[in-house]
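What follows draws every value from the coordinates through simple rules; no lab data is involved. Values in this document were obtained by computation on a predicted structure and should not be read as measured data. Neighbour counts are summed over all protein chains in view; Cβ atoms, including those assigned to glycine, are modelled from backbone coordinates with ideal geometry.
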Amino acid sequence: MVRELRRLLIAPERLAAGPTLALVAEESRYLSRVLRYGPGQRFAVADGRGQLWSAVLLAGSEARLEQPLDQPLQRQEAASPWLELAVAVPRLDFDVVVRMACELGVDRLQPLVAEHGANRGSWKANRWQTILREACEQCERLWLPQLLEPLEAITYLSELRSGLSLLASTRDAQLPLVGAALAQGASFAAAGVALAIGAEGGWSTPETAAAQAAGWQAVSLGPHILRTSTAAVAGLASLVQWRDARGQQLSGRACRSPFP
């Protein structure tokens, strides 16, 4: 039944204040004017950290949790291994990338300032955070993806990282597809996977050199040249499918009888 309730994502620090919630203007307007809820009607509250409660709307701009804070209706562990999507912010469509990345299941989203990407001054970090929150509510995720601080692409690609680091590249028919790279690097991928997507004009020579020096593996997303937004969504979808399949395999092994 909880899944049928409309959701609000409310930060853990606000929930910690007590069972009665003071709704901000945006939340109150959404419940009363968009959903046309009145006092006594119920909705769900998620904290973006894997927990969910039901709540009842009170008079004014307040609501009350129906369960104790330490006894949520649902509690979910963070997905494992983590998936990080790093994208050279394009001039268009990054809002769409942010929303779709959340819906697909990204854990960390890293905007990059690439040599061939958009100018940092045109970015809207606050808007991206709002899109993430709204997408998280809409697709009923219990974990809010982390939006990382923007970095210069060459700085990000130069860092030595744990897990498997994949650099999406084009115009090289010899590169393995993402799925093949995940299979070949399964032992590294078990710790986490980062996928870096370049700008419309591709990675610059210094950016590519920095990635190679730091151990990034170049991979292909297929035979066609994709827009940055398309490549980001397609690449992340491959990672999520791999993680889901891996989880099913591990679950199946855990459920096998120890007896022949």
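Pick from the stretch 72-87 the residues that are crowded, with 18+ Cβ neighbours inside 10 Å and either part of a strand (DSSP E or B) or of a type in the set (Phe, Trp, Tyr) (or both): which of them is farthest from the chain's Cα centre (by Cα)?
87
Here are the criteria: (1) under 21 Å from residue 228 (Cα atoms); (2) touching a Phe, Trp or Tyr at 6+ places or on another chain (Cβ under 7 Å); (3) not acidic (Asp, Glu). Tell me which single one residue 192 does not satisfy.
Condition (1) is where residue 192 drops out.
Which pairs do you get when a residue that is without any contact (Cβ under 8 Å) to a residue 40 or more places away in the chain, found in the stretch 152-168, comes within reach of a residue that is surrounded by 17 or more Cβ atoms within 10 Å (Cβ to Cβ) and of a type outside the set (A, V, I, L, M, F, W, C), reach meaning Cβ atoms under 9 angstrom, with the pair 6+ apart or on two chains?
Correct list of pairs: 162/192.
Tell me, which residue of the stretch 25-48 that is of a type in the set (S, T, N, Q) and assigned to a helix (DSSP H, G or I) is nearest to the chain's Cα centre (by Cα)? Working first, answer last.
We begin by selecting, within the stretch 25-48, every residue of a type in the set (S, T, N, Q); these are 28, 32, 41.
Filter once more, so that each one left must be assigned to a helix (DSSP H, G or I): 28, 32.
Numbers: 28: 26, 32: 29 Å.
Checking each candidate, the answer is 28.
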